[in-house]
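Notes follow once the structure below has been shown.
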Amino acid sequence: MEQLLQTILRIPEAGALAAAVEGGACPAAVTGLAPVHRAALAAALAAESGRPLVMVCAEEGEAVRLAEDLEVLLAKKPLRIFARELHIRAGAVASRQWEHERIAALCQLAGEEAPVVVATCEGLLQKTGPVERLRGASLALEMGGRYDLTDLPRFLVDAGYSRSDQVEGVGQFALRGGILDVFSPRMEEPVRCEFFDDELNSMGVFDTATQRRTRNIRSALVLPALELLP
């Protein structure tokens, strides 16, 4: 793909655009490109400049296709910032998948780990909490670290988690004696932490269906489960 991106910049118009971006002669407009060609040109400019790339789309379908194209072209998974669902009616039940993905993306942005971002206009316009609040509601779990098991449940509830007898989905945690299970946004599987007194001496991921550990890990980052925290 690197050779393809270099070839694109040899096109006179693409080379002129790259020079304009590098020289600060912006904004610049580009017309007459199909969606896949827009992705290719943007990827070539990002690879040439070494700068972060942010693409803003009108709607989610276009953004999803663009993110997939950029992932292939740049070999980097773009962060996707879409609008979260807002429910005013009391008792409304809805999936929070988009919000959890949005939380993970915002936390990565807060940590300056975002070389490629694809967003919708609505996703960018929605208000969010202060970056300090997101950082303060995150928790790094490390093998050998010491944690107060009295404070951990309170911390997780304040970070938007719900306590349950058994963890089955993102945004839940369970505490049974010295064993803490937690399923954070950005995790593919939940994490089980076993404590001896206040020391974390065993940690691994487990299957929600069987509740059995599948592999051991040494660290995990627990992100907030809600974007707008009290």
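The values are calculated or read from the model by the stated rules, or taken from the named source; none is laboratory data. Just so you know, these numbers come straight off a predicted model, no measurement behind them. Every residue, glycine among them, receives a Cβ derived from its backbone with ideal geometry; neighbour counts consider all protein chains shown. The protein model used for the area step is the full one, side chains on, heavy atoms only, and it has no ligands, DNA or RNA in it. Shrake-Rupley method; radii C 1.70, N 1.55, O 1.52, S 1.80 Å.
What the table shows:
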item: Stretch gain in nm, segment Cys121-Arg176, where the contour uses 0.36 nm per residue and the Cα spacing is subtracted; result: 15.5 nm
item: Estimated D of the chain in µm² per second, where Rh is the Kirkwood radius over Cα pairs and Stokes-Einstein applies at 25 °C, 0.890 mPa s; result: 123
item: Accessible area of Thr7 in the full protein assembly, 1.4 Å probe (Å², nearest 10); result: 60
item: For the range 48-56, Karplus couplings with θ = phi - 60° (6.51, -1.76, 1.60), whole Hz, Gly/Pro x; result: 6, 7, x, 9, x, 10, 10, 10, 10
item: 10 Å Cβ shell holding at most 14 others, DSSP loop, GluC sites (Glu not before Pro): longest site-free stretch of the chain; result: 1-58
item: Karplus-derived 3J(HN,Hα), 6.51/-1.76/1.60, for each residue of the range 182-191, Hz, glycine and proline x; result: 8, 10, 9, x, 6, 8, 7, 9, x, 10
item: Simple label model, 7 Å out from Cα along Cβ direction - Gln166 to Ala19, nm; result: 6.7
item: Accessible heavy-atom area order of Asp158, Asp198, highest first, probe of 1.4 Å; result: Asp158, Asp198
item: Förster radius 35 Å - calculated FRET efficiency between Gln3 and Gln97 (Cβ-Cβ, nearest 0.05); result: 0.40
item: Inter-site label distance for Glu132 and Asp207 at 7 Å from Cα along Cβ, in nm; result: 4.6
item: Accessible surface of the range 106-186 [probe 1.4 Å, protein heavy atoms]: carbon and sulfur percent; result: 52
